[in-house]
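Throughout, read-outs are computed from the coordinates displayed, never taken from laboratory work. Owing to the predicted nature of the structure, the values given are computational and were not obtained by experimental measurement. As a convention, Cβ positions derive from the backbone with ideal geometry for all residues, glycine included, and neighbour counts pool all protein chains shown.
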Amino acid sequence: MSDPIPEKDAVERMQPSLTPGARAWRRFRANRPAVVAAAYLAFLILLALLVPALGSHAAAEGSDAQFAAPGSAHWWGTDVHGRDVLTRVFAGARLSLLVGSVGAAVSLVIGVCWGMVAGYAGGRIDGMMMRFVDVLYSLPSIVFVIVLITTLEDHLKGLLSRLSPQSGGVARMLFLFVGLGAVSWLTMARIIRGQVLSLRTRPFVLASRSLGAGHARILFRHILPNVSGVVIVYLTLTVPSIILYESFLSYLGLGIQPPQASLGTLIAEGAGQINPIRTYWWLIAFPGGVLASALLALNLLGDGLRDALDPRGGE
Amino acid sequence: MRLIRRLLTLIPLTWVIVTLSFFLVRVAPGGPFDKERRPASPQVEAALKHKYHLDESLGAQYLRFLGLKWERDDTGAWHRAEGGLIAGDFGLSLKYRNHSVADIILQGLPVSLVLGWLAFGFAIGTGIPLGVFGAVRARGWAGGLSALAAISMVCVPGFVVGPVLVLIVGLKLGWFPVGLWGSPAHAVLPMVTLGLYFSGRVARLAREGMVQALQSDFIRTARAKGVDEFGVVFRHAFRLAIMPVVSYSGPMLADLLTGSFVVENIFQIPGIGVFLVNASLSRDYPMVVGLVMLYAVLLLGLNLVVDLTYGLLDPRVRHE
């Protein structure tokens with residue numbers, strides 16, 4: 001205590017052992033694009049929560065101002081029904097982000113379970129489970145998604161509408177979560193399986209087994225924490241790919257149903273309004289810009305997390 | 001020898017994929033005749049179903065599809081039902097009646113192949129230089145900028161790129177036609193729209209590969225021998241650096257060559273990309289199965305080619 005207080009830098013240099021978390025956090029903070037991306041995402045989420053609630057032009061209400069160009073009344077213009085594009089875009093961003101994160105969570109659960117079991121079991125079970133993944137890889141995912149969503153809709157919609165009459169939109173979203181998650185877990189399973197395969201023969205796992213730990217305990221206490229870094233990174237990169245997939249489905253008319261709209265629906269509407277005589281550029285530029293920037297931020301964040309959490313990553 | 005074994009494993013794998021898609025589309029609710037202009041009377045629908053053998057059990061339909069169904073003809077003699085996969089026949093489309101699946105695919109495939117190869121060339125031609133440049137200048141702002149450009153390309157979906165190109169390059173500047181298919185000028189905007197995403201992916205892979213290659217020991221040796229920077233990058237590191245791009249080329253080409261719904265829809269191009277989505281939606285069973293098989297064969301075949309290319313590029317793989 002009586003020692004002279006050294007400079008802050010010197011303190012950090014003298015402490016030889018930072019926890020892995022602290023080291024990762026320091027590496028992440030040094031990555032400027034990733035920090036900016038994280039801040040931008042936080043800002044976007046805030047706007048997506050606030051704008052539709054505060055907007056003076058309710059998103060669903062039409063007005064007489066059809067195709068008004070961006071101006072003081074409507075900052076981002078209006079659409080075919082005179083609805084405020086700004087409000088609609090952020091309501092759409094909210095839905096897209098929601099679908100992206102829940103869909104990614106679904107794919108996470110499937111992918112991690114599948115990969116962990118395959119990698120841990122090894123041998124013939126592993127071979128069969130990974131062949132299954134190979135087969136699904138070679139199947140165009142759009143076929144699978146369409147079949148899955150319509151099948152779920154057919155079987156569950158009646159059930160859900162009996163539970164609550166106004167659940168149409170919610171039901172659609174649930175099916176999207178499941179459908180998108182169900183086609184996006186393949187890469188996650190492959191990555192996790194590879195990690196587990198190399199972890200399961202490591203000394204600490206053998207030690208735990210010799211102490212009498214069961215499979216469940218080894219998997220969840222010892223292996224899962226060790227793959228969590230990879231899982232977080234890949235999860236961050238799955239969210240944008242699911243958002244992209246959902247917007248593609250919405251573009252096909254299979255995603256979020258009107259009057260609700262995701263960013264993909266809005267872009268599809270804007271693309272439908274293109275003609276050589278008049279161009280309503282704001283209908284495509286604003287939703288497209290928000291979608292692209294959100295995806296960009298998520299990817300940069302994912303890259304930053306990868307660099308921060310990978311111990312072999314650059315200094 | 002290894003090649004022959006690999007080729008032989010493709011057959012059961014393709015069979016599994018085709019079988020899976022066969023049953024997958026048929027268990028989905030709804031049928032191919034639901035969305036006719038007006039609902040068919042029960043008799044007409046039954047007749048339609050009978051004509052296309054949809055009134056048979058799933059197992060019988062499957063055998064017929066494979067071409068392994070035996071049935072009695074009028075004289076009571078057993079013979080194999082005509083057509084089927086083993087005879088190279090995918091059946092008739094249920095949506096575009098009077099057209100066989102093979103006809104429809106053969107009509108659209110050349111267009112999709114041309115567009116796909118063009119987009120592949122665009123992706124490789126722009127992606128690799130961008131990625132290599134980013135890796136060589138990894139420390140400076142120019143490298144950062146090229147990395148940002150690559151990641152941005154991955155993030156702007158085709159259905160945004162397409163309309164924006166149409167609006168600006170097509171309609172405002174009037175440089176290229178904004179639709180249909182015919183002259184080389186017609187191919188420019190679709191090629192860019194289709195290829196831009198893949199260009200970004202290729203750039204990211206090439207950059208990562210080059211950064212890693214430049215850190216390897218043989219590069220240090222080359223530098224120590226006094227090889228100039230250009231030689232280091234292009235004569236020594238390049239072969240190793242594009243390995244990730246080579247392995248990505250298989251799935252990329254499979255995606256590109258089977259057409260794209262978005263691009264064909266925006267630019268009104270008569271390819272086969274629109275059929276996969278439309279056939280899945282309208283439950284055109286034989287069409288879906290035919291297209292899935294095309295995609296699977298392309299993907300598996302191209303992955304095989306990629307593996308062979310690996311041996312050519314990397315001596316270490318050859319020796320194994």
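Ordering B:Cys155, A:Cys113 by the number of other Cβ atoms within 10 Å of each residue's own Cβ, fewest first, gives A:Cys113, B:Cys155. Comparing mean-square fluctuations of B:Trp175, B:Trp70, B:Trp78 from a GNM of chain B with C-alpha springs under 10 Å, the top value falls on B:Trp78.
The phi torsions of the range B:47-54, fed into the Karplus equation with coefficients 6.51, -1.76 and 1.60 and a -60° offset, translate into couplings of 5, 4, 4, 5, 4, 8, 6, 7 Hz, rounded to whole numbers, with Gly and Pro shown as x.
If you count Lys pairs in the range B:34-186 whose Cα atoms are under 17 Å apart, skipping same-chain pairs closer than 8 places in sequence, the total is 5. Note on B:159-171: average number of Cβ atoms from other chains within 10 Å of each residue's Cβ is 6. In terms of other Cβ atoms within 10 Å, A:Leu148, B:Leu300, A:Leu197 run from fewest to most in the order A:Leu197, A:Leu148, B:Leu300. For the residues B:Ser152, B:Ser280, B:Ser183, a GNM of chain B with alpha-carbon springs under 10 Å puts the largest fluctuation on B:Ser183.
Between B:Ala46 and B:Leu304, the C-beta separation translates, for a Förster distance of 45 Å, into a calculated FRET efficiency of about 0.50. Shape class for chain B, computed from the alpha carbon gyration tensor (a ≥ b ≥ c): oblate, with a/c not under 1.5 and a/b at or below b/c. For the range B:148-165 versus the range B:214-245, the inter-centroid distance based on Cα atoms is 32 Å.
Which one of B:Leu194, B:Leu106, B:Leu298 has the biggest mean-square fluctuation once chain B is modelled by GNM with Cα springs under 10 Å? Residue with maximal mean-square fluctuation among B:Leu194, B:Leu106, B:Leu298: B:Leu106.
Multiplying the residue separation of A:Val135 and A:Arg202 by 0.36 nm and subtracting their alpha-carbon distance yields 21.1 nm.
Over the protein assembly as shown, dividing the summed -39,500 (n - 2.57) contributions of all DSSP H runs of at least 4 residues by the number of residues returns a 222 nm mean residue ellipticity of -23000 deg cm²/dmol. Phi angles of the range A:43-49 translate, via the Karplus equation with coefficients 6.51, -1.76, 1.60 and θ = phi - 60°, into HN-Hα couplings of 4, 5, 5, 4, 4, 5, 7 Hz per residue; Gly and Pro are given as x. Give the shape of the range B:18-81 as rounded, prolate or oblate, defined through the alpha-carbon gyration tensor: a ≥ b ≥ c are the square roots of its eigenvalues, a/c under 1.5 means rounded, and otherwise the shape is prolate if a/b is larger than b/c and oblate if not. Judged from the Cα gyration tensor, the range B:18-81 comes out oblate (a/c at least 1.5, b/c at or above a/b). Of B:Leu54, A:Leu296, the sequence from fewest to most neighbouring Cβ atoms within 10 angstrom is B:Leu54, A:Leu296.
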